[in-house]
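Bear in mind that the values in this text are calculations on the coordinates, not laboratory data. Predicted model, so just to flag it, every value in this text is computed and none were measured. Because the Cβ atoms are built from the backbone with ideal geometry, glycine has one as well, and the counts that use them run over all protein chains shown.
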């Protein structure tokens, strides 16, 4: 799995993306998936891994990164699964303004 992640990161960087934070997360996911014995990206593994994030916002970011990776990998090998996009969704909500008289 790590080789697939590194290939993805190389292509994205060649396209002009920095990928620093995402690279760290995706490498951690590759280690996690390899420890589970996965050779392809599995939706169940993605959901379990992203569920370990500390905050709802972090879970959303982790799943977004995995979704992009999964689409890239699936273009070359249909055995890769695309994780559900709506399982961890976080939206910033602006606090209501309190007006003082």
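Considering only 16, 37, 67, the Gaussian network model of the chain with Cα springs below 10 Å gives its largest mean-square fluctuation to 16. Approximating the spin labels as points 7 Å out from Cα along Cα→Cβ, the residue 31-to-residue 2 distance works out to 0.9 nm.
For 42, 36, the sequence from fewest to most other C-beta atoms within 10 Å is 36, 42.
Among 27, 12, 71, the largest mean-square fluctuation in a Gaussian network model of the chain, built with springs joining Cα atoms closer than 10 Å, belongs to 12. Cβ crowding within 10 Å, taken as a proxy for footprinting-reagent exposure, orders 60, 45, 55 from fewest neighbours to most as 55, 60, 45.
Sorted fewest first by neighbouring Cβ atoms within 10 angstrom, 1, 19 come out as 19, 1. Please determine, in degrees from 0 to 90 and to the nearest 10, the orientation of helix 56-74 with respect to the longest principal axis defined by the Cα atoms of the chain, where the helix direction is its Cα long axis. Result, in degrees: 30.
Where only DSSP H runs of four or more residues are counted, the chain gives -18000 deg cm²/dmol as its mean residue ellipticity at 222 nm, each run worth -39500 (n - 2.57). The share of alpha-carbon pairs in the chain lying farther apart than 23 Å comes to 29%.
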